[in-house]
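Visitor: My questions all concern the structure below.
Just so you know, all these numbers are worked out from the coordinates, no wet-lab data involved. Everything numeric in this text was worked out from a predicted model, so none of it was measured. Cβ placement follows ideal geometry from the backbone for every residue including glycine, while neighbour counts extend to all protein chains displayed.
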Amino acid sequence: MNQGLAQQLFQTIDSWPILDPHSHVRPQQPVAHSLADLLGYHYYTELAQSAEFEEGWWSDQAEPVTRVQAILPKLKYLRNTIQYSWMMLISREFLGIPADAWQTQTAEWLVQTAQKAIDAPDYQQTILQKTGLQRIYLTNAFDEPIKSYDTNLFRPCLRVDDLVFTPATSQVATRLHTTTGCDISDLSGLKTAVREVFKRFVQAGMAYPAVSTPANLVFEPVDDVAAESMMRPMLDNLQPDSGVRDRWASWMLQFIAGLCQEYKVPFHLMLGVTRNAYPFGVPSGKDLFPSTNRIDGFDGLFNLFPKVNFPTSVLSDTSGLELTAAAWIRHNIYPSGHWWYSNNPIEIERDVRRRLELVPWNKPVAYYSDAYYLEFVLPKFRMYKFCLAKVLANAINESAQHPNREPLTTDDALAIAHAWLLDNPKRIFQE
Amino acid sequence: MNQGLAQQLFQTIDSWPILDPHSHVRPQQPVAHSLADLLGYHYYTELAQSAEFEEGWWSDQAEPVTRVQAILPKLKYLRNTIQYSWMMLISREFLGIPADAWQTQTAEWLVQTAQKAIDAPDYQQTILQKTGLQRIYLTNAFDEPIKSYDTNLFRPCLRVDDLVFTPATSQVATRLHTTTGCDISDLSGLKTAVREVFKRFVQAGMAYPAVSTPANLVFEPVDDVAAESMMRPMLDNLQPDSGVRDRWASWMLQFIAGLCQEYKVPFHLMLGVTRNAYPFGVPSGKDLFPSTNRIDGFDGLFNLFPKVNFPTSVLSDTSGLELTAAAWIRHNIYPSGHWWYSNNPIEIERDVRRRLELVPWNKPVAYYSDAYYLEFVLPKFRMYKFCLAKVLANAINESAQHPNREPLTTDDALAIAHAWLLDNPKRIFQE
Amino acid sequence: MNQGLAQQLFQTIDSWPILDPHSHVRPQQPVAHSLADLLGYHYYTELAQSAEFEEGWWSDQAEPVTRVQAILPKLKYLRNTIQYSWMMLISREFLGIPADAWQTQTAEWLVQTAQKAIDAPDYQQTILQKTGLQRIYLTNAFDEPIKSYDTNLFRPCLRVDDLVFTPATSQVATRLHTTTGCDISDLSGLKTAVREVFKRFVQAGMAYPAVSTPANLVFEPVDDVAAESMMRPMLDNLQPDSGVRDRWASWMLQFIAGLCQEYKVPFHLMLGVTRNAYPFGVPSGKDLFPSTNRIDGFDGLFNLFPKVNFPTSVLSDTSGLELTAAAWIRHNIYPSGHWWYSNNPIEIERDVRRRLELVPWNKPVAYYSDAYYLEFVLPKFRMYKFCLAKVLANAINESAQHPNREPLTTDDALAIAHAWLLDNPKRIFQE
């Protein structure tokens, strides 16, 4: 019964186009060059390494067949994971390789067979069509070119981690100088340069600037005088201590939030990651999070910029209700997606139910893929959409039995799903 | 099957009278003056503001129609929330307004139609009867009159936040002096005054003193000498630093716990709220909580007063198992209700299942409404009771299949529910 | 359907032999002397005391009938708990006492009837057979004899808490000297003695050393020079401050991890307990945990010893996803069992689902009993196995409906269960 209803809801929700409001896709090469690029997604290399560690077993630079040979014998350990299911969908739907071929065929065969599909002239178009991908947002470095791609499909977003957390080092200053021409030898120059970058992104149709932050950051207002005095030693490449680093980060977050206010764009926050926790990790596989992970360190920022909208993601499951409560009372917090280590069905279902029970339906940004290649958008969104359909089906059923709940019809449920997946992000990100 | 069993259990549980051991109802005016009072409950103003913020959109002082006009256009965004369901039950059951009228009628019509019901001479009696409300506990300021109301229906509870957290400021001292006649110029005078207040409440049938505390408070024993030395500058209105504030709070908690021991009443704790986190909030809509929220800061208090019973609520879902474990081993901790941001079905169901699996059935205090008007007691208790019925139905079913669980019959399950909802609070609060 | 499938999976999983990789069973007397030993398990004394406290109600030294008389009237309050179900299984399966006799019979009758079963010459053998217990791991003090028992059934594990957390006090030093003959008057002597102990355990077939740690410990590398300077005052019985205690603990953890690396054995971590939080507690019933409980304080240890495997348990539910994520990317972290306050169906089901969705199947160590008597192995493992069967049944069903999940067959699910319960522990603990 319930299962039938969940599937019925899923069918409808799955038929809608996808707006994907956060990814790492590169517009110059949005799809994989080879099967090895797909298997080289850090989820697979992480899990494979975790299952069976061998020193030097993986290199991103190796030939495609070598990479697939490295990971293939370890894949059997991952067959239970949700990530393995993503890959099998890609394999069947986009590469024409049935799932059981992964148990019987060689790396060479898999690479070659995949390559035939990838090299087809309509490969990217087929993926876009099967995915129903309407638009996908990017993660752009502040100094990368952002004009040379299909802005109908891709929308730039300015990633500001480098500015916020590697503050005013000569390397960042050099990059800022190179891209803007500004002299970065004092705070005023730095501000001019960052504003220049921001303006350039706004003109290119930026959806938002985005930042990922460590778990322990506590924002505090910092004025320009204090920032100026912190900046000087950094330019000489003196390492600031952790207190200075945090206050510098606060100042830069504040400056960027100010630009968001001025240019009327939201500021996307992704809270709670510990970078480089695991030095033996594969590329992009070194980061973790602590379970003691709170949002309220950003209260000061939220309160200082009531006119800036903050779509916000959390990495730790323990922050799920805190984010829900913030989205419930704060007018400028929008719960956004299910990030990384919380991007699995059990955590998604829990937070979806919370947002359904407690947050006005016009606020959540349902989901983003965080994908590096377009191939991953469909399996990730389908995973999410099935979770959403399950939670909605349960809510429909329960509302029918519950003497104290308003009836939730199938149409109501689909309207909520549509708002979360399409209408809310379009409004919040000004599509 | 399971659904049928849950509904069957719910029917029985819902037929019982309600003892509501914590509310903010005012005995002089326990029901709403108008529809605007009901819609002005902070849940609705918070959610409406969060959904669609407009500067100055809400004023508690505005005329009823003005208030309803302010919130009505925003209500559509809340239709998915559990709180909206509460209001629709009130609308149908108590105001005679069908739920769909909220989509079609004007604010004027809604206010006037509601007013007809509210102005009926038996309005309050009808609510009490439909709710089956046997008794409801209050939240009383230390200096409010507590004798002038129906003590058969209402039971006073002394809220001590002012004493604990705004310590011995001249304003609190003045209020204490006014209400007790004591001279509050030294610790001994303060103690006499607080004891006087306490005694007055005990004589008026107080169920318990109650306090809500911030997440980071760590209780430590503080002796009178240290308290005396902290008190003097406060009376001169010098702001204590946070260390002094916390130690003062510890001293006062200790003094009040000592009075609880002497007068054999429990001390109700509500742990983990951050006051005024969101300055733009509507009235009562400014508070939040951090997810890093632990109970063990109160270990010192629990250990110092083994003869005092502490019914305890937590605000953060992350403290749910810690509270369950404390109730499991500590003889003087009673898990109490599901507070505020954790008062939603998903968190309730989880903590109910924990308490059912791990805590002796004679300990939990099932639920309290926290309501400001009697109208909200029924919808909130029904929400809780349905969650309880679901968890019990699952436990019954599982016990029937599980080769390792004792059979849980429907009668067993109802006995547990009865204990949690009625017998335990009556024993713990000495009804 | 789902229920039928869960039961079917359970039947198969329950038919397998049990490898129990952590317990407190004493090989000289692995079964209870009397019913009072079973009812004296801290779960029952804790819950009984929590339900109805009386000063001095319990003594571990009292006669069996006296102990059973003390607890019997309180048992009725625990009938809802999972722990009560454990006892009833023992009662029916091993003692021949039907569950309802506990409501109708006297303490004397229960003790005597149980004693007939316990005194039967094949009592232990019957328990082993009904349990299907293949092997069980022990918790051994560093100075206890470890050679005098059936090493086919029992496998020693070196508990190092005393060494790590009561550092180099004269009492520990005396015990170390007595057991090894080494002179413990300096760090070099201490190292020799600990190495001697370690070697003795390795030679006796030790599975691993194990340690339980407080929630707030942050490991930091400490060199021998620093350790030497910390050691001297401790030998004179001067109490180190908490900073020194933590750094000493770090040094000792590092030294033991080094021995693990040298002797190629894993290091079992149990993270997050607060000892002696509740001074009125019954024996073994004084410990709790804070919900703010993170794993990443041990990052330094994990990174320093990439060749040491760390089977890791957490006490707090809030650390469940952090442990899952660590097991997902770190090659040397193995999520192990469901410890103590998290050893209840609701927490187990959640973490089982996480590990199933996110961790390679060759990593989890499913479960351990933590039992003090062999009688408890079967009911605890059955509790776990039923949770596992439920989660697997749900995953099978969902994979059949989900357009985005690989099919999970019953055989696949059973293979995962077999790996978690038997193959993984055998490999990790080198059976």
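Visitor: How far is B:Glu262 from itself in the other copies, in nm, if each label sits 7 Å out from Cα along the Cα-Cβ line, shortest first?
Guide: When each copy's label point is compared with this one, the spacings are 6.3, 6.3 nm.
Visitor: Work from the charge dipole of chain B (Cβ charges, +1 for Lys and Arg, -1 for Asp and Glu, about the Cα centre) and give the residue of B:Leu356, B:Tyr263, B:Ala70 farthest towards its positive end.
Guide: Ranked along the dipole, the leading option is B:Leu356.
Visitor: Also, quick follow-up: Could you tell me which of rounded, prolate or oblate describes the protein assembly as shown, using a ≥ b ≥ c as the square roots of the eigenvalues of the alpha-carbon gyration tensor, with rounded for a/c under 1.5 and, failing that, prolate when a/b is larger than b/c and oblate otherwise?
Guide: Since a/c stays below 1.5, the shape of the protein assembly as shown is classed as rounded.
Visitor: For A:50-63, what's the mean count of beta carbons from other chains sitting within 10 Å of each residue's beta carbon?
Guide: Taking all residues of A:50-63 together, the mean is 2.
Visitor: Still on this structure, please answer the following. Helix-only mean residue ellipticity at 222 nm, the protein assembly as shown, DSSP H runs n ≥ 4 weighted -39,500 (n - 2.57), per residue, nearest 500. What is it?
Guide: Value at 222 nm, helices only, nearest 500: -15000 deg cm²/dmol.
Visitor: Place a point 7 Å from Cα of B:Glu196 in the direction of its Cβ. Which residues in the range B:226-249 have their backbone N less than 20 Å from it?
Guide: In the range B:226-249, the label zone of B:Glu196 (backbone N under 20 Å from the point 7 Å along Cα→Cβ) covers B:228, B:231-232, B:235-236.
Visitor: Could you calculate the contour length gain from B:Gln401 to B:Thr66, that is, 0.36 nm times the residue separation minus the distance between their Cα atoms, to one decimal place in nm?
Guide: 114.9 nm
Visitor: Return the aspartates and glutamates within reach of C:Lys74: Cα separation strictly under 13 angstrom, same-chain partners fewer than 8 residues apart disregarded; answer none if there are no such residues.
Guide: Straight-distance partners of C:Lys74: C:Glu46, C:Glu52, C:Glu54.
Visitor: May I ask which residue of B:Ala101, B:Ala51, B:Thr12 lies farthest towards the positive end of the charge dipole of the range B:1-117, with charges of +1 (Lys, Arg) and -1 (Asp, Glu) on Cβ and the Cα centre as origin?
Guide: Value: B:Thr12.
Visitor: So, one more: Order these peptides, A:117-126, A:59-68, by their mean beta-carbon neighbour count within 10 angstrom, highest first.
Guide: Most protected by this proxy first, the peptides run A:59-68, A:117-126.
Visitor: Counting Lys and Arg as +1 and Asp and Glu as -1, what is the net charge of the other residues whose Cβ lies under 15 Å from the Cβ of C:Phe10?
Guide: Local charge sum for C:Phe10: +2.
Visitor: Can you list the lysines whose alpha carbon sits under 29 Å from that of A:Lys199, skipping same-chain ones fewer than 8 residues off?
Guide: Of all the lysines, those that pass the test against A:Lys199 - Cα under 29 Å, at least 8 places apart if same chain - are A:Lys147, A:Lys191, A:Lys264, A:Lys307, A:Lys363, A:Lys426.
Visitor: What size of dipole, in debye to the nearest 20, comes out for chain C about its Cα centre when the only charges are +1 on Lys and Arg C-beta atoms and -1 on Asp and Glu C-beta atoms?
Guide: Around 720 debye, computed over chain C.
Visitor: Any chance you could check the Cα centroid distance between the range B:1-73 and the range A:7-68 for me, in angstrom?
Guide: After rounding, the separation between the Cα centres reads 48 Å.
Visitor: With a cut-off of 8 Å between alpha carbons and a minimum separation of six or more residues, what is the relative contact order of the range C:30-120 in percent?
Guide: In percent, rounded to a whole number, it is 35.
Visitor: Here's something else I'd like to know. Would you mind checking the range B:213-255 for residues with the amide N under 15 Å from a putative spin-label position 7 Å along Cα→C-beta of B:Ser170?
Guide: Counting backbone N atoms under 15 Å from the label point, the list is B:232-240.
Visitor: Then there is this: List the residues of the range B:15-47 whose backbone N lies under 12 Å from a point placed 7 Å from the Cα of B:Arg275 along the Cα-to-Cβ direction.
Guide: none
Visitor: Place the label 7 angstrom along Cα→C-beta at A:Ser148 and in each other copy, then list the distances from the first to the rest in nm, shortest first.
Guide: 8.0, 8.0
Visitor: Right, here's the next one. Please get the size of the charge dipole for the range A:297-431, origin at its Cα centre, with Cβ charges of +1 on Lys and Arg and -1 on Asp and Glu, quoted in debye to the nearest 20.
Guide: Around 140 debye, computed over the range A:297-431.
Visitor: Next question. If the cut-off is 19 Å between C-alpha atoms, which lysines fall inside it for A:Lys116, apart from same-chain ones fewer than 8 positions away?
Guide: Those lysines meeting the cut-off are A:Lys130.
Visitor: Quickly rank B:225-235, A:39-49 as a protection proxy: mean count of other C-beta atoms within 10 Å, highest first.
Guide: For the peptides B:225-235, A:39-49, the packing ranking is A:39-49, B:225-235.
Visitor: In terms of modelled amide H atoms, which long-range or inter-chain residues lie less than 5 Å from the amide H of C:Ile333?
Guide: Residues meeting the amide H criterion: C:Phe310.
Visitor: In what sequence do A:His33, B:His418 fall when counting other Cβ within 10 Å, fewest first?
Guide: Going from least to most buried by this count: A:His33, B:His418.
Visitor: When the Cα centres of the range C:314-382 and the range B:364-431 are compared, how far apart do they sit, in Å?
Guide: 29 Å
Visitor: In addition: Taking the Cα centre of each part, how many Å lie between the range A:188-258 and the range B:77-150?
Guide: 50 Å
Visitor: Rounded to whole Å and sorted largest first, list the principal axis extents of the Cα atoms in the range B:343-431.
Guide: 47, 29, 19
Visitor: Sticking with this structure for a sec: Counting partner chain Cβ atoms within 10 Å of every residue's Cβ in B:310-319, what's the average?
Guide: Mean partner shielding for this stretch: 4.
Visitor: Here's another thing I want to ask about it. Is the range A:119-252 best put as rounded, prolate or oblate by its Cα gyration tensor, with a ≥ b ≥ c the root eigenvalues, rounded for a/c under 1.5, and otherwise prolate when a/b is larger than b/c, oblate when not?
Guide: Prolate is the answer for the range A:119-252, as a/c is 1.5 or above and a/b outweighs b/c.
Visitor: Moving to a separate point now. Please find the FRET efficiency linking B:Gln430 to A:Asp183, where r is the Cβ-Cβ separation and R0 is fixed at 56 Å, and quote it to the nearest 0.05.
Guide: 0.15
Visitor: Additional query: Once you place label points 7 Å from the Cα toward the Cβ at A:Arg232 and B:Ala99, how far apart are they in nm?
Guide: Those two pseudo-labels are separated by 6.6 nm.
Visitor: Select from A:Cys387, A:Ile184, A:Phe219 the residue farthest towards the positive end of the dipole of chain A; place +1 on Cβ of Lys and Arg, -1 on Cβ of Asp and Glu, and compute about the Cα centre.
Guide: Comparing the listed Cα positions along the dipole, A:Cys387 ranks first.
Visitor: Right, next: Find the Cα radius of gyration of chain C, compare it with 2.2 N^0.38 Å by division, and give the number to two decimals.
Guide: Computed over Cα atoms of chain C, the ratio equals 1.01.
Visitor: Here's another thing I want to ask about it. About the Cα centre, and with charges only on the beta carbon of Lys, Arg (+1) and Asp, Glu (-1), how big is the dipole of the protein assembly as shown? Nearest 20 debye, please.
Guide: 1540 debye
Visitor: Oh, and also: By the gyration tensor of its Cα atoms, with a ≥ b ≥ c the square roots of the eigenvalues, what is the shape of the range C:1-151: rounded for a/c under 1.5, prolate for a/b over b/c, or oblate?
Guide: Oblate.
Visitor: Of the DSSP beta bridges with both residues in chain B, give the percent that are antiparallel, rounding to the nearest 5.
Guide: So the antiparallel bridges in chain B amount to around 5 percent.
Visitor: If you take each beta carbon of peptide B:88-97 and count the beta carbons of other chains within 10 angstrom, what is the mean?
Guide: Mean shielding count: 1.
Visitor: I need B:Leu158, C:Leu374 ordered by Cβ neighbour count within 10 Å, fewest first.
Guide: Fewest-to-most Cβ neighbours within 10 Å comes out as C:Leu374, B:Leu158.
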